[in-house]
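Take a look at the structure set out below.
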Amino acid sequence: MTPITRRQALKLGALAGGSLLLPVTFQSRSYAGDAGSPKVTPFTLPFRVPPVLKPVRSDSTTDYYEITMRKASVEILPKLKTEVWAYNGITPGPTIKQNKDRRSVVRFINNSVGVPTSVHLHGMASLPQYDGYAEDLTKPGQYKDYIYPNNRAASLWYHDHAIHATARNVYMGLAGLYLVQDQEELNLPLPKGDYDVPLLIQDKQFSTSGKLIFDDQGEDGQFGDVILVNGVPWPKMQVANRKYRFRILNGSLSRSYGLALSTGEPLIVIGTDAGLMSAPVPTKEMRIGMAERYEVIIDFSKYKVGTKIVLKNNHPKNNDEYDGTENIMQFEVVRTESDPSSIPSTLRFVQPIAESSAVRTREFRYERSNGLWVINGKIWDNQRFDANPKLGDVEIWKIYNNAGGWFHPIHMHLLDMQLLDRNGAPPFAYERGWKDVFYVGENETLRVIGKFGPNSGTYMSHCHNSVHEDHDMMNQFKVGEATVNLTSLAPAKSLPAPAL
Ligand code: C2O
Ligand code: CU
């Protein structure tokens with residue numbers, strides 16, 4: 001462990017302003033003490049990609065899938081068993097790959113996971129009743145068929161969203177990838193197939209016997225000392241000396257990452273949360289907050305066979321650091337191969353939304369107050385709507401984090417937005433795409449713009465530090481009128497389920 005964690009610094013009042021704003025007393029670590037999680041030698045375990053789920057059946061418009069949430073005992077740390085709560089018993093869950101404009105029906109069965117669940121497909125413009133509303137719960141012994149329109153090509157993910165229990169449920173394993181592609185994108189000469197690889201990054205902490213320790217340290221955050229990619233601690237991936245496309249998702253609860261290559265070569269960013277950008281953006285380092293997705297090309301052709309390249313985490317501010325959390329995974333160039341792929345200078349045009357098209361500006365202050373995480377001073381209330389744009393309204397949302405000591409990645413359901421500015425300065429070049437999560441660092445104010453649609457109804461917005469979200473940094477907005485109680489629109493049903 002590093003000598004001083006952010007929490008200890010806060011306790012000592014060493015962080016300017018931090019102690020004054022913190023009325024709660026943070027507990028110290030309750031797990032394996034200073035020994036930390038059982039040791040794993042980084043870059044020894046083989047990299048893997050979650051399996052792609054086959055539909056149960058398909059018809060001319062729709063693919064039907066089935067996923068069961070259950071407890072399972074899996075090997076994450078060598079020779080130790082870890083209980084997880086997982087989609088189809090694996091974590092990350094199976095990947096769904098879908099084509100734009102085909103419909104998916106995904107039956108999520110709450111079998112043996114033992115807690116109520118709600119599945120959110122993060123980044124999809126689903127109808128409210130299929131959006132994983134936090135109080136739209138599927139209890140043990142129930143199932144729910146979720147309908148997804150797949151109206152944009154992007155790297156999405158599905159994860160649990162149960163009210164006040166999201167952090168624990170996602171931490172225990174309830175997260176998986178959902179990738180939507182379209183012909184326009186497939187026509188580009190970007191790396192495809194085996195060279196188009198998802199990297200779902202998470203951090204966890206384990207007891208000496210391999211049990212997952214969930215310790216949100218007084219509802220502040222859950223920081224692990226083991227970094228997993230696609231469920232494997234610090235994996236090693238063998239690559240050819242060519243270009244790869246990586247779809248990077250930060251699936252951690254509270255940790256953000258500063259991505260960089262150990263060689264100092266750039267990552268070439270081609271996509272943001274909601275798909276391809278207008279043009280590639282090379283960057284030597286980039287930060288990625290929880291639930292953000294960035295797609296990058298890494299070009300291994302400049303390296304000789306035998307070269308090892310580490311994907312580093314250069315620790316953005318306000319994360320607890322431990323020995324090992326500076327590393328994410330390793331690539332080893334093991335063979336030469338010809339490379340038919342290239343990075344076109346034009347990817348997919350992202351039309352900037354004109355500020356002048358906004359009909360109003362709203363302000364949201366994400367704060368710590370009286371031991372709670374709040375938005376404009378308020379906690380979650382399913383009866384209150386903090387915004388009510390009309391369908392098709394363009395609005396600017398001004399998001400404040402007027403504090404040192406923490407950052408908040410802010411997520412809006414339903415729509416993709418664009419970042420106008422951060423503290424009045426232009427966004428980082430790699431953020432200039434369609435996004436549904438915005439990294440609001442300490443003492444930062446962001447202005448984001450978006451058009452409310454394509455659906456009407458009730459949607460949530462929240463900090464994607466799920467520990468903050470659960471306690472209680474979440475609110476809801478209503479697009480147009482939503483008269484019916486959304487939890488009555490498509491309630492979960494009791495098992496056994498009829499054939500899909
Ligand atoms: Cu990824 Cu409301 O969540
Ligand atoms: Cu937060």
- Message: Residues to consider are Gly405, Gly392; find the one that is touching a residue at least 24 places away in the same chain (Cβ under 8 Å), surrounded by 14 or more Cβ atoms within 10 Å (Cβ to Cβ) and either part of a loop (DSSP other than H, G, I, E, B) or more than 16 Å from ligand 1 (Cβ to nearest atom) (or both).
- Response: Gly405
- Message: Condition first: in a strand (DSSP E or B), of a type outside the set (A, V, I, L, M, F, W, C) and surrounded by fewer than 24 Cβ atoms within 10 Å (Cβ to Cβ). Can you find one or more residues in the range 270-277 that meet it?
- Response: no
- Just name the residue that is nearest to the chain's Cα centre (by Cα) out of those in the range 189-220 that are surrounded by 20 or more Cβ atoms within 10 Å (Cβ to Cβ), among the charged types (D, E, K, R) and part of a strand (DSSP E or B). Asp203
- Can you tell me which of Pro454, Pro496 is free of Cβ contacts under 8 Å to residues at least 60 places away in the same chain, more than 21 Å from the chain's Cα centre (by Cα) and either more than 16 Å from ligand 2 (Cβ to nearest atom) or crowded, with 19+ Cβ neighbours inside 10 Å (or both)? Pro496
- Pick from the range 221-252 the residues that are more than 15 Å from Glu321 (Cα to Cα) and not in a strand (DSSP E or B): which of them is nearest to the chain's Cα centre (by Cα)? Gly251
- Message: Return the residues of the range 328-362 that are charged (D, E, K, R) and either more than 24 Å from the chain's Cα centre (by Cα) or at positive phi (or both); say none if nothing qualifies.
- Response: Glu332, Arg335, Glu337, Asp339, Glu355, Arg360, Arg362
- Task: Within the range 431-443, track down each residue that is more than 12 Å from ligand 2 (Cβ to nearest atom) and outside any loop (DSSP other than H, G, I, E, B).
- Result: Glu431, Lys435
- Item | Members of the range 92-129 that are of a type in the set (S, T, N, Q), farther than 18 Å from Arg293 by Cβ, modelled with pLDDT of 95 or more and not in a strand (DSSP E or B) | Ser118, Gln129
- Take the range 449-500 and flag every residue that is part of a loop (DSSP other than H, G, I, E, B), among the acidic types (Asp, Glu) and either within 16 Å of ligand 1 (Cβ to nearest atom) or within 26 Å of Met290 (Cα to Cα) (or both). Asp472
- Log entry, pairs with first residue in the range 132-148 being free of Cβ contacts under 8 Å to residues at least 40 places away in the same chain and on the phi < 0 side of the Ramachandran plot, second being assigned to a strand (DSSP E or B) and β-branched (Val, Ile, Thr), beta carbons closer than 9 Å, six or more apart or on different chains, reads Pro140/Thr117
- Across the range 130-167, what is the number of residues that are in a loop (DSSP other than H, G, I, E, B) and either buried (at least 22 other Cβ atoms within 10 Å of the Cβ) or more than 16 Å from ligand 2 (Cβ to nearest atom) (or both)? 20
- Item | Selection within the range 318-374 - assigned to a strand (DSSP E or B), within 30 Å of Pro46 (Cα to Cα) and not β-branched (Val, Ile, Thr) | Asn327, Met329, Gln330, Phe331, Glu332, Arg335
- Query: Restricting attention to the range 457-486, and to residues there that are polar (S, T, N, Q) and surrounded by fewer than 18 Cβ atoms within 10 Å (Cβ to Cβ), which single residue is nearest to His122 (Cα to Cα)?
  - Reply: Asn485
- Message: Please determine whether any residue of the range 408-416 is hydrophobic (A, V, I, L, M, F, W, C), buried (at least 20 other Cβ atoms within 10 Å of the Cβ) and away from ligand 1 (no atom under 16 Å from the Cβ).
- Response: no
- Item | Residues of the range 435-475 classified as under 21 Å from Pro128 (Cβ atoms) and among the polar types (S, T, N, Q), total | 6
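The values are calculated or read from the model by the stated rules, or taken from the named source; none is laboratory data. What you see is a predicted model; the values in this text were computed from it and never measured. So basically every Cβ, Gly included, is an ideal-geometry build from the backbone, and we count neighbours across all protein chains shown.
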